[in-house]
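Worksheet: the structure to be examined is printed underneath.
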């Protein structure tokens, strides 16, 4: 199955994208996989647990994070991409820099995942057009270093919808086919607790944009805010609850840290949903 078929077949089972952060400062697992061999080993583990895509990132975009030099970002992720490609993995590059995108695609990545929706680097949209690979357009208010200082919206759902609609149109105008566009409402990226909950509640509205939706709520702060302030690695139950809610609304792509548990939860949910209530 090609990447396009993988991410755009509405009849396909849910797609789980495993996270491989090759960074010293990511909010959940910063520093654990900065060593390329450990990162590759982790990626292989996620594949064995059921991930269909691995998302490789070399720059943390957690709240308050600072920009990484492009060459350093490239140096972090390239050996990992090259190593994981040998295992036949479908790889996504998590970056907002065109030079990093280019290097990652040359090394074997086949999806671009950009938190700036191809806006941060003016060259990125032209690169995506030239390569004709799937692109993930995420909504973010502000930038990672300041996005959580005082996020505000007139109407969070309408504002995100209009922004993503504009970015989809920009991609199509540039020459990217809509079938190659995936949208991400950006849970936790310039959002308050209420904003994040409203996105969950209204996630199905974004299907009106005519694109597949990637949902990325794994281990995020809103879970701790709703509970007892747990650290990132203690937010599994909340992460699974979020995934299952989104799945119940029709979402079929999930970016997660905990692949094995997410795959199991989705299999149980989908199996229950498939059984006739009239039996």
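Some observations on this one:
- Yes/no for residue 237 being out of contact with any strand residue (DSSP E or B) (no Cβ under 9 Å at 6 or more places or on another chain), under 24 Å from residue 268 (Cβ atoms) and modelled with pLDDT of 95 or more: yes
Condition check ((1) closer than 23 Å to residue 252 by Cα; (2) surrounded by 22 or more Cβ atoms within 10 Å (Cβ to Cβ); (3) out of contact with any strand residue (DSSP E or B) (no Cβ under 9 Å at 6 or more places or on another chain)) across all residues:
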| site | (1), (2), (3) |
| --- | --- |
| 129 | no, no, yes |
| 136 | yes, yes, no |
| 146 | no, no, yes |
| 149 | no, no, yes |
| 157 | yes, no, yes |
| 178 | yes, no, yes |
| 185 | yes, yes, no |
| 192 | no, no, yes |
| 196 | yes, yes, yes |
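- Near pairs, Cβ below 9 angstrom, 6+ apart or cross-chain, from the range 161-179 (at positive phi and modelled with pLDDT of 95 or more) to any residue that is exposed (fewer than 13 other Cβ atoms within 10 Å of the Cβ) and outside any helix (DSSP H, G or I): 175/132
Yes/no matrix, rows are residues, columns are (1) out of contact with any helix residue (DSSP H, G or I) (no Cβ under 6 Å at 6 or more places or on another chain); (2) touching a residue at least 60 places away in the same chain (Cβ under 8 Å); (3) on the phi > 0 side of the Ramachandran plot:
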{"residue": "214", "(1), (2), (3)": "yes, yes, no"}
{"residue": "241", "(1), (2), (3)": "yes, no, no"}
{"residue": "250", "(1), (2), (3)": "no, no, yes"}
{"residue": "263", "(1), (2), (3)": "yes, yes, no"}
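- Pairing each residue of the range 143-155 that is over 11 Å from residue 189 (Cβ atoms) with any residue that is surrounded by fewer than 16 Cβ atoms within 10 Å (Cβ to Cβ), provided the two are 6+ apart or on different chains, yields C-beta distances under 8 Å for 145/64; 145/66; 145/67; 149/142; 153/159.
- Check on residue 218, modelled with pLDDT of 95 or more, touching a helix residue (DSSP H, G or I) at 6+ places or on another chain (Cβ under 7 Å), in a loop (DSSP other than H, G, I, E, B) and buried (at least 22 other Cβ atoms within 10 Å of the Cβ): yes
- Considering residues of the range 180-207 that are part of a loop (DSSP other than H, G, I, E, B) and without any contact (Cβ under 8 Å) to a residue 60 or more places away in the chain only, the residue farthest from residue 145 (Cα to Cα): 202
- Check on residue 122, under 27 Å from residue 175 (Cα atoms), surrounded by fewer than 16 Cβ atoms within 10 Å (Cβ to Cβ) and free of Cβ contacts under 8 Å to residues at least 40 places away in the same chain: yes
- Scanning the range 68-117 for residues that are over 20 Å from residue 35 (Cβ atoms) and free of Cβ contacts under 8 Å to residues at least 12 places away in the same chain, we see that the one that is surrounded by the fewest Cβ atoms within 10 Å (Cβ to Cβ) is 88.
- Top-ranked residue of the range 226-239 - restricted to ones that are in contact (Cβ under 8 Å) with a residue 12 or more places away in the chain and in a helix (DSSP H, G or I), ranked as surrounded by the most Cβ atoms within 10 Å (Cβ to Cβ): 239
- Odd one out for residue 246, checked against (1) surrounded by fewer than 20 Cβ atoms within 10 Å (Cβ to Cβ); (2) in contact with a strand residue (DSSP E or B) (Cβ under 7 Å, 6 or more places away or on another chain): (1)
The values are calculated or read from the model by the stated rules, or taken from the named source; none is laboratory data. Owing to the predicted nature of the structure, the values given are computational and were not obtained by experimental measurement. A quick note on method: Cβ atoms are made from the backbone with ideal geometry, for glycine too, and the neighbour counts reach across all protein chains shown.
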